[in-house]
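Asker: Sharing a structure, written as structure tokens. Questions coming.
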Amino acid sequence: MSIFTTVIDFTPGSIPLGRIGLFIAGIALSLLLRKIISSVLKKARKKTENFFTILLDGLASPMSFLVVFTGFYFSLLFLDLHGAVNLVALNIIQVLLTFTVIRVLFVVIDDVAIQMGSMADETESQLDDQLIPVLRKLGKVTVTAIGIVFFMQLKNYPVSGIIAGLGIGGLAFAFAAQDSIAGIFASVALFLDRPFMVGDFVQVGDVSGTIEEVGLRSTRIRTVAKTLVTIPNKEIVDSTIDNLSKRPMRQCTITIGVTYDATAAKMQELVTDLRKMLEEDDMAEHNGANVHFTTFGDSSLNVKMMFFIRTTDYSKFLQSRQDINLQIMHVVENLGLDFAFPSTTVYLEK
């Protein structure tokens with residue numbers, strides 16, 4: 001301690017060379033430690049890759065800055081600047097230290113969430129797939145709030161008085177943020193009711209697509225046109241939700257119009273052959289299928305087919321419907337009938 005005191009008090013010609021030397025030495029030491037820590041943390045992942053080494057690799061950058069800012073902080077204490085310069089410098093370093101610690105905790109939260117996400121992919125339930133992004137965001141919000149409170153206490157701000165003041169202004173804040181609060185409660189309702197899961201194909205109002213993410217305030221839906229639609233959870237709770245992924249098969253409705261020169265016997269044959277065609281098709285659910293000669297149209301005799309195709313995949317549904325349409329054309333051609341098209345007959349009187 002006597003040597004350390006001697007170095008600090010070494011001030012030839014009123015110049016604090018001892019303190020300046022300790023300041024420079026502290027910065028040099030912190031930069032050296034930064035390089036060593038970064039090298040050690042990154043080297044662990046090169047040897048083997050697992051959750052722990054990936055976490056260390058992610059912590060390499062923020063931990064390096066944490067060491068540097070800590071070194072600068074104590075080096076400034078050695079320099080012992082006076083007046084506003086010292087106060088401003090220390091405040092800046094304290095702010096940087098606080099945000100660096102928050103960043104370190106963010107890296108930990110992200111890596112834990114990624115690890116939990118890989119574990120959730122191996123489970124059959126999709127509830128954990130929805131909860132992990134929400135817990136990830138909630139963890140970051142909590143860490144940020146704790147970091148801000150810690151910094152305020154460090155600077156001797158009246159935290160308890162500020163919290164009490166928030167209680168007084170709580171009603172005004174709640175009124176201003178009522179939509180956000182309603183969105184959070186709507187998110188809780190969605191998680192409890194579970195009308196859909198991530199990956200389900202749904203229709204909410206006029207929007208239909210695949211659920212990509214369920215957040216604290218809103219839900220993101222990837223449409224068939226590959227656009228990303230964000231809908232507030234409050235609106236989803238108040239809307240009718242049609243979860244198309246929960247249906248065991250897709251409905252198909254086809255109307256066939258043939259020309260008016262078809263006889264009643266031919267129409268009966270057409271209906272019979274179409275029913276037989278559905279029974280022989282592997283993808284068509286013929287139980288409960290309806291094939292009937294329904295209406296006399298303006299220019300056609302109409303046969304309506306209503307049945308289900310045994311798939312929920314949209315691409316397979318389109319392919320199966322195409323195959324059935326081609327079979328319908330063969331049935332009509334084999335019976336010697338013609339498809340009708342809009343036409344008008346004009347009678348001229350002499």
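The values are calculated or read from the model by the stated rules, or taken from the named source; none is laboratory data. Fair warning: this is a prediction, and the values are worked out from it, not measured in the lab. Don't worry about glycine lacking a Cβ; one is built from the backbone with ideal geometry, like all the others, and counts go over all protein chains shown.
Asker: Quick one: is F341 surrounded by 12 or more Cβ atoms within 10 Å (Cβ to Cβ) and either at pLDDT 90 or above or not polar (S, T, N, Q) (or both)?
Answerer: So F341 does not fit the description; no.
Asker: Just name the residue that is farthest from M329 (Cα to Cα) out of those in the stretch 278-310 that are loosely packed, with under 14 Cβ neighbours inside 10 Å and of a type in the set (D, E, K, R).
Answerer: D298
Asker: Among the candidates Q130, Q153, which residue alone is polar (S, T, N, Q), surrounded by 13 or more Cβ atoms within 10 Å (Cβ to Cβ) and modelled with pLDDT under 75?
Answerer: On the way: Q153 fails: surrounded by 13 or more Cβ atoms within 10 Å (Cβ to Cβ).
Of Q130, Q153, the one residue that is polar (S, T, N, Q), surrounded by 13 or more Cβ atoms within 10 Å (Cβ to Cβ) and modelled with pLDDT under 75 is Q130.
Asker: Within the set of pairs 6+ apart or on separate chains, which have a first residue in the stretch 277-300 that is touching a residue at least 40 places away in the same chain (Cβ under 8 Å) and under 17 Å from K266 (Cα atoms), a second that is part of a helix (DSSP H, G or I) and of a type outside the set (A, V, I, L, M, F, W, C), and C-beta atoms under 9 Å apart?
Answerer: M277/Q327; M277/H330
Asker: Ok, one more. With the structure loaded, tell me whether L326 is loosely packed, with under 15 Cβ neighbours inside 10 Å, out of contact with any helix residue (DSSP H, G or I) (no Cβ under 9 Å at 6 or more places or on another chain) and part of a helix (DSSP H, G or I) or whether it fails that test.
Answerer: So L326 fits the description; yes.
Asker: Can we say D282 is of a type in the set (D, E) and farther than 30 Å from F201 by Cβ?
Answerer: no
Asker: Further question on the same structure: Can you run down the residue pairs with Cβ atoms below 8 Å, 6 or more apart or on separate chains, where the first is in the stretch 314-327 and within 19 Å of E279 (Cα to Cα) and the partner is of a type in the set (K, R)?
Answerer: F317/R250
Table: residues versus (1) loosely packed, with under 15 Cβ neighbours inside 10 Å; (2) closer than 21 Å to V204 by Cβ.
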{"position": "A262", "(1), (2)": "no, no"}
{"position": "K276", "(1), (2)": "yes, no"}
{"position": "T312", "(1), (2)": "no, yes"}
{"position": "Q319", "(1), (2)": "yes, no"}
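Asker: Also, I was wondering about something else. How many residues are at pLDDT below 75 and either aliphatic (A, V, I, L, M) or not in a helix (DSSP H, G or I) (or both) when one looks only at the stretch 83-127?
Answerer: Total satisfying the criteria: 17.
Asker: Exactly one of (1) modelled with pLDDT of 75 or more; (2) polar (S, T, N, Q); (3) in a helix (DSSP H, G or I) is unmet by T255. Its number?
Answerer: Evaluating T255 over (1) modelled with pLDDT of 75 or more; (2) polar (S, T, N, Q); (3) in a helix (DSSP H, G or I) leaves (3) as the failure.
Asker: Any idea which of D80, D57 is modelled with pLDDT under 75 and buried (at least 16 other Cβ atoms within 10 Å of the Cβ)?
Answerer: Testing whether each residue is modelled with pLDDT under 75 and buried (at least 16 other Cβ atoms within 10 Å of the Cβ) leaves just D57.
Asker: Which of the residues belonging to the stretch 32-54 are modelled with pLDDT under 65 and of a type in the set (D, E, K, R)?
Answerer: R45, K46, K47, E49
Asker: If you don't mind, there's one more thing I want to ask. May I ask you to verify whether L17 is under 26 Å from I92 (Cβ atoms), of a type in the set (A, V, I, L, M) and at pLDDT below 75?
Answerer: yes
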